[in-house]
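The values are calculated or read from the model by the stated rules, or taken from the named source; none is laboratory data. Values in this document were obtained by computation on a predicted structure and should not be read as measured data. All Cβ positions, glycine included, derive from the backbone under ideal geometry; neighbour counts span all protein chains shown. Heads up: the accessible areas ignore ligands, DNA and RNA and are worked out on the full protein's heavy atoms, side chains in. Shrake-Rupley method; radii C 1.70, N 1.55, O 1.52, S 1.80 Å.
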Amino acid sequence: MILATNFKSNLTRAKTVEYLEKVEAYCEENSISDEVMIFPPASALCEKSLHVSVGAQNAFGVVNGAFTGELALDQLQEFGIKTILIGHSERRHVLGESQELIAEKFNFYKEQGFRIVYCIGEPLEVREEGNSALLAYLDAQYKGIDLSYKNLVIAYEPVWAIGTGLTPTLDDVELIHGAIREETSAALLYGGSVKAESAKSFLALDNVDGVLVGSGALNPDDFCSMIRDAASLQ
Ligand code: PGA
């Protein structure tokens, strides 16, 4: 399984180092074989540890150049970063990234062989239109994306569930993941208000290969508890 946490604009570099040490120690002591990833803010990027991969929340699809405010491949390579989050709902809806830009980034980092966690998910008004509208919306988010890329992970994160404490029902998650599974053999993560108390019920569903967690994993003890739950399901 895959346990991933996205810190967004939370935690400092010092806190990230502490976090990573704690999670690494947990994985080591418990011989964890699941894939564990953290996505710290850009200021806290660092080398991966033995069990925990460190990924970038965002980077421009170039080696380097004149792109004010963006990281590029050179800066990621300095830390040996080989994992990236692309298409997160906050990049799409708050920062205004278009599907075209997202696909450009995807293709650049695919060429570089990165592990790509590609996020998709529908806003509430689409959810309210029913399942066929929802699946059509997700389909549009596959535009320009190679769903057969071998290093691809897809995170299904309904926009209305991110940071709100709301989640789809377990039946709905299973249904949507089943539909996504028809399009790709990539590992499928569920994300959106996953908490230490709820992670196990998502992880136990068919076609859920892991979770992508924001606020519910800002405390490393909570993230470790999710790692423990995933291990217990094997
Ligand atoms: P959340 O965020 O767990 O705080 O809802 C999830 C995400 O945005 O990846």
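Could you tell me whether Thr83 is buried (at least 18 other Cβ atoms within 10 Å of the Cβ) and among the polar types (S, T, N, Q)?
Judged against the criteria, Thr83 is a match.
I'm checking my understanding of the structure. Among residues of segment 2-21 that are surrounded by 15 or more Cβ atoms within 10 Å (Cβ to Cβ) and more than 23 Å from Ile154 (Cβ to Cβ), which one is nearest to the ligand (Cβ to nearest atom)?
The qualifying residue nearest to the ligand (Cβ to nearest atom) is Leu11.
(1) farther than 29 Å from Val62 by Cβ; (2) within 16 Å of the ligand (Cβ to nearest atom); (3) open to solvent by 10 Å² or more (accessible area, probe 1.4 Å); (4) touching a residue at least 12 places away in the same chain (Cβ under 8 Å): which one isn't true of Ser89, the others all being true?
(1)
Could you tell me which numbered condition Gln75 fails, if it satisfies all but one of (1) modelled with pLDDT of 95 or more; (2) in a loop (DSSP other than H, G, I, E, B); (3) among the polar types (S, T, N, Q)?
Among (1) modelled with pLDDT of 95 or more; (2) in a loop (DSSP other than H, G, I, E, B); (3) among the polar types (S, T, N, Q), the lone unmet condition for Gln75 is (2).
Under 16 Å from the mean Cα position of the chain (by Cα), farther than 26 Å from His93 by Cα and within 16 Å of the ligand (Cβ to nearest atom): does that describe Ile162?
Spelling it out, it is not the case that Ile162 is under 16 Å from the mean Cα position of the chain (by Cα), farther than 26 Å from His93 by Cα and within 16 Å of the ligand (Cβ to nearest atom).
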